[in-house]
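Down below is the structure, laid out as structure tokens.
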Amino acid sequence: MRSTAPLFPAVLAGFVAVLVGYASSAAIIWQAAAAAGATPQQIGGWMTALGLGMGISTLALSWWYKAPVLTAWSTPGAALLATSLHGVTLAETIGVFMFANALILLCGVTGLFARLMKLIPHSLAAAMLAGVLLQFGLKAFSNLEGHLFLCGSMLAAWLVAKAVAPRYAIVVTLLVGILAAWAGSDVVTDKMTLSVIMPEFIAPAFTFTSLISIGLPFFLVTMASQNAPGFATMQASGYPLAVSPLIVATGGLALVLSPFGVYSICIAAITAAICQSPDAHPDAAKRWLAAAAAGGFYLLAGVFGGSISGLMAALPLSGIQTLAGLALLGTISGSLYQALNHEAERDAAIVTFLMTASGVTILGIGSAFWGLVLGGLCYAVFSRLRRA
């Protein structure tokens, strides 16, 4: 009789993925919306629409493919918008969203992005994933400086649980972290409120200047720094799904919801790795349940979108970062093993890993893209030399 692993670790993985996603970049979304001149009420509506959009897409795609397909907003894209939208009207901002999402949809319909993704060797995809996740793994330990009690308690709990009951290591770590944060008075609850804010429809305006100077770079950054790592993460985790249908689904949904403040819906990378990890479920065929749970938490976050900033402020950031880093250790080690396992591809893989981990931004595009470019160049040169 085949044993069935408990569902709770999968649900917890989904919760941690959503928690990490919101805690790491919700503030950037607010900054971008504020730069466009949105009122607090409108920003709350944007957060509602984003949560609902990501929840619906994550639930639908994970159920349809029976694979952990987690969607997310584009954090690099939000960072670009936060620095580019000053002086742009709110209607023009919506026009930028629609223009960029239409280009993403076009990439999916034509299959252009799928053809580009097939050119990426598996070792380079794994190396890029390890480079993206490295900073998260480091924060699991760097936060010990300045937060010794909280992060030290979580690390000790993870170590003991990993040795005794590895399936529940992250569960134990989370519970100990909450208790330690409460004991250290690091949980701030005085500004927490629960409110529902309906998204507001904003008619778009299209100007050539804003579309070319903001919309086109935003499209490139979103595809290169969010969607490409997202698909590479799925490939490295053993889920080589067809690229074009996912791009069509996410880009199309984002386009429809753009007038309500949904600037992007992409394939997640960092948070998806949490749901694609063996800690989420020992059976790879059932890890889609973790992503489905994340979709449910996305929906909850969307319903209470106006309260996200207060909820995030109540939790200690150092504890969230430590939890995320420990949850991703297995994925980081597995990715490094896949990247460096083939001696003939090792040099190109390590170049990809280091370039990605450097965090540099060139021409407005993040290091994950340039890691693949430089690593791919090394791969092509070294392969040609070996054949010669």
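On a C-alpha basis, how far is the centre of region 233-258 from the centre of region 342-386 in Å? Whole number, if you could?
Distance between centres, Cα-based: 24 Å.
Could you grab the Rg to Rh ratio for region 77-185? Cα atoms only, Kirkwood for Rh.
Numbers: Rg = 21.8 Å, Rh = 18.5 Å.
In region 77-185, Rg relative to Rh is 1.18.
What are the trypsin sites (Lys or Arg not before Pro) within region 59-147 that DSSP puts in a loop, where the Cβ has at most 15 other Cβ atoms within 10 Å?
On the way: sites: LYS66, ARG115, LYS118, LYS139; in loops: LYS66, LYS118.
Counting only loop positions with at most 15 other Cβ atoms within 10 Å, the trypsin sites (Lys or Arg not before Pro) in region 59-147 are LYS66, LYS118.
Total Lys pairs in the chain closer than 24 Å by alpha-carbon, pairs eight or more apart in sequence or interchain only?
Details: LYS66/LYS118; LYS66/LYS286; LYS139/LYS162; LYS162/LYS286.
Lysine pair count for the chain: 4.
What number comes out for accessible area per residue over the chain if the probe is 1.4 Å? Units Å², please. Intermediate values should be presented prior to the final figure.
Values: 16450 Å² over 388 residues.
Roughly 42 Å² per residue, with all protein chains present.
Between PHE141 and HIS122, 0.36 nm times their residue separation minus their Cα-Cα distance comes to what?
Details: separation 19, 0.36 × 19 = 6.84 nm, distance 2.89 nm.
In short, 4.0 nm is gained.
Considering only GLY108, LEU377, TYR168, whose Cα is most displaced toward the positive end of the charge dipole of the chain, charges sitting on Cβ of Lys, Arg (+1) and Asp, Glu (-1)?
Selected residue: LEU377.
Can you tell which of THR58, ALA34, TYR298 lies farthest toward the positive end of the dipole of the chain, using +1 and -1 charges on the Cβ of basic and acidic side chains (Lys, Arg; Asp, Glu)?
Going by the Cα projections, it comes out as THR58.
On a full-extension model of 0.36 nm per residue, what is the gain between PHE382 and TYR65, subtracting their alpha-carbon distance, rounded to one decimal in nm? Please list the in-between numbers first.
Numbers: separation 317, 0.36 × 317 = 114.12 nm, distance 3.67 nm.
Stretched fully, the PHE382-TYR65 segment lengthens by 110.5 nm.
Highest mean first, what order results for 223-230, 335-342 on Cβ atoms within 10 Å? Present the calculation step by step, with values, prior to reporting the outcome.
On the way: 223-230: 25.8, 335-342: 18.9.
Result, highest mean Cβ count within 10 Å first: 223-230, 335-342.
In the chain, which helices (entire DSSP H runs) extend 20 Å or more along their own long axis, judged by Cα positions, while averaging at least 0.0 on the Kyte-Doolittle scale?
In the chain, the long hydrophobic H runs are 8-35, 40-65, 90-110, 122-142, 148-164, 169-183, 243-257, 288-303, 367-387.
Would you mind working out the magnitude of the charge dipole of the chain relative to its Cα centre, with +1 at each Lys and Arg C-beta and -1 at each Asp and Glu C-beta, to the nearest 20 Debye?
On the way: 14 positive and 10 negative charges, 186 e Å.
Here the chain has a charge dipole of around 900 debye.
Sorted by mean Cβ packing within 10 Å, highest first, what order do the peptides 344-350, 16-22, 276-282 take?
Put in order of decreasing packing, that is 16-22, 276-282, 344-350.
Per the 1.4 Å probe, what fraction of the accessible area of the chain, in percent, lies on carbon and sulfur atoms? Before the final figure, lay out each step's value.
Working: 11750 of 16450 Å².
Roughly 71 percent, rounded to a whole number.
Mind ranking 170-183, 121-134 by how tightly packed they are, going by the mean number of other C-beta atoms within 10 angstrom, highest first?
Values: 170-183: 19.1, 121-134: 26.3.
Packing proxy ranking, top to bottom: 121-134, 170-183.
With point charges of +1 on the Cβ of Lys and Arg and -1 on the Cβ of Asp and Glu, referenced to the Cα centre of region 113-257, which listed residue (ALA181, ALA140, GLY238) lies farthest in the positive direction of the dipole?
Result: GLY238, furthest along the dipole toward the positive end.
Hey, what number do you get for the chain at 222 nm if only DSSP H runs of n ≥ 4 count, each worth -39500 (n - 2.57), divided across all residues, to the nearest 500? Mind dumping the intermediate values first?
Values: 18 runs with 261 residues, N = 388.
Rounded to the nearest 500, the figure is -22000 deg cm²/dmol.
The values are calculated or read from the model by the stated rules, or taken from the named source; none is laboratory data. This structure is a prediction, so every number in the text was calculated from the model and none was measured. All Cβ positions, glycine included, derive from the backbone under ideal geometry; neighbour counts span all protein chains shown. To get the accessible areas, we keep the full protein, side chains included, count just its heavy atoms, and leave off ligands, DNA and RNA. Shrake-Rupley method; radii C 1.70, N 1.55, O 1.52, S 1.80 Å.
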